[in-house]
Amino acid sequence: VLEILLATAPTETPPTVGLDGGAIAALIFGPAVVAAFVSGAVTLLAPYISRKLRRDEATEAAAREMNVRALNEFYSPIRELLNEVKVLRDEISRRVNKPKNPDWHTLDHVPEIKADKVSWALFDAMVQVNLRIKQILDEKSGLARGAVTASGLWRVHQSLLARALANPEDVPSTELSYFPTEFETQINAKFDALSAELDAHSATDKKAKKS
């Protein structure tokens, strides 16, 4: 009888220790699903990323090309022409400014300049050089992108020089007759800044090619 009771008694299933099937499946398939999602996202975004990189490179290349043009077509030639003006002006001063006056200004002494044949020829040459600067400002000022705010003052000064050459007996006395040094300062400052920027890009490109 005891044997029969033992045989027919319900058996208890011992509790499962650890993770159930769902948890195990999550552990197995979870990382795979995440990896697949990331891989798919990267695949979908790759064309966008590639296009953005190309646009950024094109934008950088265009900006660099614009800076090169600004240097070669605007700042550098104006800088050189301003140096020519200074050489001519200094020679006129050397011939006419006696005794030497540190505050000597060309347009304050047009009659004396005209009285000296060589100085008057130098004055004419200075006006012609200024006309070349004016032509660059007229044709290429877009390359400056607003960086030379004193160009208006320089234009007035240039027009007064041209007027003095045409009519040396009628030269107005005004502060605008004096050369606006800030114009030359702005030209030189922007020239130096763009030159340094392009030199830095060139150095970076050389390092990239070596690596």
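Each residue of region 181-187 was assigned a 3J(HN,Hα) from its phi angle through the Karplus expression (A = 6.51, B = -1.76, C = 1.60, θ = phi - 60°), giving 4, 5, 4, 5, 4, 5, 4 Hz with x at Gly and Pro. Taking every protein chain into account, the accessible area of region 116-211 amounts to 58 square angstrom per residue (probe 1.4 Å). Less than 5 angstrom separates the built amide H of His105 from none of the residues sequence-distant by 5 or more or on a different chain. Each of the peptides 168-180, 65-77 was scored by the mean count of other Cβ atoms within 10 Å over its residues; in descending order, highest first, they stand as 65-77, 168-180. Phi-derived couplings, Karplus 6.51 cos²θ - 1.76 cosθ + 1.60 at θ = phi - 60°, listed residue by residue for region 120-130: 5, 5, 5, 4, 4, 4, 5, 5, 5, 5, 4 Hz, with x used for Gly and Pro. In a fully extended conformation the segment linking Arg145 and Glu182 would gain 11.6 nm over its present Cα-Cα distance, using 0.36 nm per residue.
Ignoring ligands, DNA and RNA, what percent of the accessible area of region 59-163 is carbon or sulfur (1.4 Å)?
53
Karplus-based coupling profile of region 93-98, in residue order and whole Hz: 4, 4, 7, 9, 7, 9, with θ = phi - 60° in 6.51 cos²θ - 1.76 cosθ + 1.60 and x standing for Gly or Pro. The slack between Glu91 and Gln135, meaning 0.36 nm per residue of separation minus the straight C-alpha distance, is 13.4 nm.
The values are calculated or read from the model by the stated rules, or taken from the named source; none is laboratory data. Note that the coordinates shown come from a computational prediction; the quantities given were computed from them, not determined experimentally. No Cβ is skipped: glycine too gets one built from the backbone with ideal geometry, and neighbour counts run over all protein chains shown. Just so you know, the surface numbers come from the protein's heavy atoms only, side chains and all, with ligands and any DNA or RNA stripped out. Shrake-Rupley method; radii C 1.70, N 1.55, O 1.52, S 1.80 Å.
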